[in-house]
Structure formats: structure tokens, C-alpha cells
């Protein structure tokens, strides 16, 4: 029996995992799939610094083609940055949507115009 | 290719090994406790010491064997497939988490207790050793470091591991993802497939998504609505279809023909529709089946 089965939370991790933890692991998995995408592309297909540079090279090291050589730690870091970016976007967009939504007609916070 | 000592590749592989050690650690203390509970106190102490020693020795032996076995052609593919199954099993919740299937009854003698402990550890440690072997990329130093990390977990670290995964269940999810990544890495390194993958580079992406879609199925299945549950089977099936068509096309030397492309991209649709129809029919039949008559229990 695995040790993790002794903890009810870890045993049912797919149900008990926190939203932040889940987002981080999902972002890491996306980075892993992107790395395999970089692995699946033949750079010679696009010629020397031609279409390859235009489509995939988004700035030297941080391209899908460069990701093929990334190690696990780099993928984890990229996943953490991606998850953080998504969280910031989520919080920011929620704040914008909330600000744009009109208040109810007779609510106290309604600004009389 | 083996990573250089303390390079980014080396540290990454070491991190993967530590994570795998944590999530695939077996409960040796429980096994030893179950086996030795009916023995006299004096013998119990001896069983605990020699049982732990035997478990470590077996783990070391298996680690060395895995290094040699993964070098043989075909075993990397088999190991990769096994790792996918291990990752899937890791993420699937188990209903009875208190019982151990490895131990049926307490031992009555020292030799029987030792034998049971060693066999139970060997059975429990196969997945751990295989995963470490895959993550170590053939480096004996990394295997030894992995063993050096797993031994303290076997002997003292069980409570620490339980507390860690109880506080952060996402460690188990991450472990599943790392196992799937390790499975992908060793499948594409398989010597029998290396030439084929070099000629069909795009299939690496299909293989990666296939491995992740099977290994992480318990995770995304828990988030899907009942209507979307067939995706858990359909997604891997479509990816297997794409890989199968590519293999068939390369075997029969068919390239760029319209018929082939039509079969590749549309051929799975009738099969998927037939499977969905059959699934619905079976579901409806089970729904309309009359309930068995009630029997009163006196």
C-alpha cells in the first residue's frame, strides 16, 4: 500500500486539491505538452531563420522550439509563471467586470446622475 | 545521454526522483507491523531490523537490475507504458485505504515474517524503482542518489510524507504529471522507435498528448460533467487512431494521398458515433431493467 493512501486528502487528490495547486499543475502539464510540441517540429522544415523565426521564436530562449531542451525545473518554473499570469488576469478581469456592472437601481452605492 | 554532475539536467532528474520517491513510497511500517504483530517481543525487534534491512537490500538490487533492463531494446517502451498505468493508478482514489493486500495473515515465525516483508516490499517497490530508473536517464549516480533518498523514507520518513501530502494534495497531482512526463521521455528514447520517430516527428506530439490523456484521466474525469464523460475514452481513442494510421501509412509506404488523409482525419468519426450509440443503448437498457424482488431479512 502506498503511503499517500493513509491520508484521506491525498488519497482523493483529484477531488481535494486546492484551486491554486490545480492551476499550477495544469500549467506545468501545458508547458510539458508545449515542450513535446517543440520536440515534434523539425526546424529544418522552416528553413534558416525564416518562417521558423517568425512563428515560433518569441524571443530567443522563450520559444516553443527552445522548449524542447527544457528540463523539468525549467518547466516547473514556466508553469508557475503561467499559473501566476492566469491568476493575475483572472483577478484583474473580475475587477474590471465588477466595475463595469451597473449597480441595482435603489442600492445605496448608486451614484445619482 | 547522461546529464553532467550538478548540471540543470542532473538537478531536474534528481528533483523528479525525489518527487517520485515521495508519492510512490510504500507503507513498510504497516507491513512490518501487520506481519510481526503475533510474534514475541524479542523476535519482533529482530523482524523490524532485518525486515527493514531486507527491504533496502531488495530495493538496491532492483534498482541495479532496472538500469540494465532499460538498456535492452523494447524495455523502454514497456517501461513507459507501465509508468502511464502507475500514474493513472496514483491519481485514482482507492476506497479501502486501511487494508494491505500484500499481507494476508500475521507470520508465526521469524523466517516467515522476513520473507513476507521482503516480498511485500519488492512488490510495492517495483513501480518506484521503474519510475526512478526512467527519470535517471541511465545515470547510475542518480539511481544511487534516488536509493539514498528512498531509504530514509522507508525507515523514518513515513509520517513526514503523510503530513506533506495531506497538507498539499497537489504534490500527488504533480507526481502524476512528472510520471507521465517521464513515461513520454523514455518512450521517445526507445531505440526500436528512435528512427521511426525521427522520420515522423509530428507523432511525438500525438504520443505526448496520448500519454497525458491516459495518465491524467482520473483528474480531468473528475471535472467533466456526466454528459462529457465519454471524452475520457474518446480522446485517447482518437489519438491512438491517428498514431495507428501513421504507422500503417509508413508500413505500406502511403504518403500524401487524399484517401489516406480522409481516413486519418475522418475515419474515426463512424467508430466514435457507433461507440456512443452503443453506450447509450446499454445505458438505457440498464435503466429500464426491472429491479430484483425484495427479500425480507428476518
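Looking at segment B:7-18, is at least one residue over 29 Å from residue B:216 (Cα atoms) and within 14 Å of chain A (Cβ to nearest Cβ)? I'd like the intermediate steps shown before the answer.
The initial filter retains those residues of segment B:7-18 that are over 29 Å from residue B:216 (Cα atoms), namely B:7.
Filter once more, so that each one left must be within 14 Å of chain A (Cβ to nearest Cβ): B:7.
Yes, there is a match, as at least one residue in segment B:7-18 is over 29 Å from residue B:216 (Cα atoms) and within 14 Å of chain A (Cβ to nearest Cβ).
Taken together, the residues in segment B:155-170 that are touching a residue at least 12 places away in the same chain (Cβ under 8 Å) and buried (at least 22 other Cβ atoms within 10 Å of the Cβ) amount to 2. Sub-8 Å Cβ pairs linking a first residue in segment B:92-116 that is at the interface with chain A (Cβ under 9 Å from one of its Cβ atoms) to a second residue that is modelled with pLDDT of 80 or more and part of a loop (DSSP other than H, G, I, E, B), at least 6 apart or interchain, are B:93/A:12, ordered by first then second residue. Considering segment B:26-40, and only residues there that are surrounded by fewer than 19 Cβ atoms within 10 Å (Cβ to Cβ) and within 14 Å of another protein chain (Cβ to nearest Cβ), the residue that is nearest to residue B:122 (Cα to Cα) turns out to be B:29. Restricting B:52, B:43 to residues that are assigned to a helix (DSSP H, G or I), surrounded by fewer than 16 Cβ atoms within 10 Å (Cβ to Cβ) and in the same structural domain as residue B:111 (by TED's automatic domain parsing) narrows the list to B:43.
For (1) farther than 30 Å from residue A:22 by Cα; (2) exposed (fewer than 13 other Cβ atoms within 10 Å of the Cβ), each residue gets a yes or a no:
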residue: B:211; (1), (2): no, no
residue: B:223; (1), (2): no, yes
residue: B:249; (1), (2): yes, no
residue: B:288; (1), (2): yes, yes
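With respect to (1) surrounded by 11 or more Cβ atoms within 10 Å (Cβ to Cβ); (2) modelled with pLDDT of 90 or more, the lone exception for residue B:264 is condition (2). Looking at this structure, is residue B:274 within 30 Å of residue B:174 (Cβ to Cβ), assigned to a helix (DSSP H, G or I) and at pLDDT 90 or above? No: the conditions fail for residue B:274. Of the helices (runs of 4 or more DSSP H) that lie entirely inside segment B:123-226, those containing 2 or more residues that are within 8 Å of chain A (Cβ to nearest Cβ) span B:158-167, B:170-188, B:202-215, B:217-223. Inclusion of residue B:135 among residues that are in contact (Cβ under 8 Å) with a residue 24 or more places away in the chain, within 20 Å of residue A:72 (Cα to Cα) and under 19 Å from the mean Cα position of the chain (by Cα) is warranted.
Residue-wise test of (1) within 26 Å of residue A:88 (Cα to Cα); (2) within 9 Å of chain B (Cβ to nearest Cβ); (3) out of contact with any helix residue (DSSP H, G or I) (no Cβ under 9 Å at 6 or more places or on another chain); (4) at pLDDT below 55.
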site	(1), (2), (3), (4)
A:18	yes, yes, no, no
A:27	yes, no, no, no
A:32	yes, yes, no, no
A:35	yes, yes, no, no
A:49	no, no, yes, yes
A:64	yes, no, no, no
A:67	yes, no, no, no
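The values are calculated or read from the model by the stated rules, or taken from the named source; none is laboratory data. All values reported here derive from a predicted model rather than from experimental measurement. Backbone-built Cβ (ideal geometry, glycine too); neighbour counts: all protein chains shown.
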